[in-house]
1. Quick check on my filter: what residues within region 36-59 are within 18 Å of R102 (Cβ to Cβ) and buried (at least 16 other Cβ atoms within 10 Å of the Cβ)?
2. Scan region 41-69 for residues that are part of a helix (DSSP H, G or I) and polar (S, T, N, Q) and jot them down.
3. Of these, I17, I21, I29, which one is at pLDDT 85 or above and assigned to a helix (DSSP H, G or I)?
Amino acid sequence: MLPVSLVFLSAKKQKSINQKIFAKKNKMILEIILVVVMLVAAISAGTFKNLLNAVIAAGFVSFIAAILFFLLHAPDVAMAEASIGAALTVAIFVIALKKTKRHEDDEKNN
């Protein structure tokens, strides 16, 4: 009976190890996807002609950075990045854009 129970424990342990490997692979795939999306958003933030779109894309980059920090087991940094980088900075830029005169409006009036 002893060898059968050892085989059963070994199979159970192997299943646990396989689940951990599968979870690590899924996490790595998620991180790679987030980094690619973050790069696309950063490049688009730099190339947008409309400043409001650029600010929103930059806020999206900060939000993805916050998610990545959380996945890297740094929840305090993730909270700071989400609140300051993604929320406060975007709000300040949007308010500044709304209070300034747009160059395109000047050209239409002339």
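1. Correct list: A54, V55, I56.
2. Start the filter on region 41-69 by keeping residues that are part of a helix (DSSP H, G or I), which leaves 41-47, 51-69.
Of everything in region 41-69, those that are part of a helix (DSSP H, G or I) and polar (S, T, N, Q) turn out to be S44, T47, N53, S62.
3. Only one candidate qualifies: I29.
For every residue, the table says whether it meets (1) touching a residue at least 40 places away in the same chain (Cβ under 8 Å); (2) charged (D, E, K, R); (3) farther than 21 Å from L30 by Cβ.
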{"site": "G46", "(1), (2), (3)": "no, no, yes"}
{"site": "K49", "(1), (2), (3)": "no, yes, yes"}
{"site": "A58", "(1), (2), (3)": "no, no, yes"}
{"site": "V61", "(1), (2), (3)": "no, no, no"}
{"site": "L72", "(1), (2), (3)": "no, no, no"}
{"site": "V77", "(1), (2), (3)": "no, no, no"}
{"site": "A86", "(1), (2), (3)": "no, no, no"}
{"site": "T89", "(1), (2), (3)": "no, no, yes"}
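The values are calculated or read from the model by the stated rules, or taken from the named source; none is laboratory data. Only a predicted model underlies this, so the values are computations on that prediction, with no experimental measurement involved. Ideal geometry is used to build each Cβ from the backbone, glycine not excepted, and the neighbour counts take in all protein chains shown.
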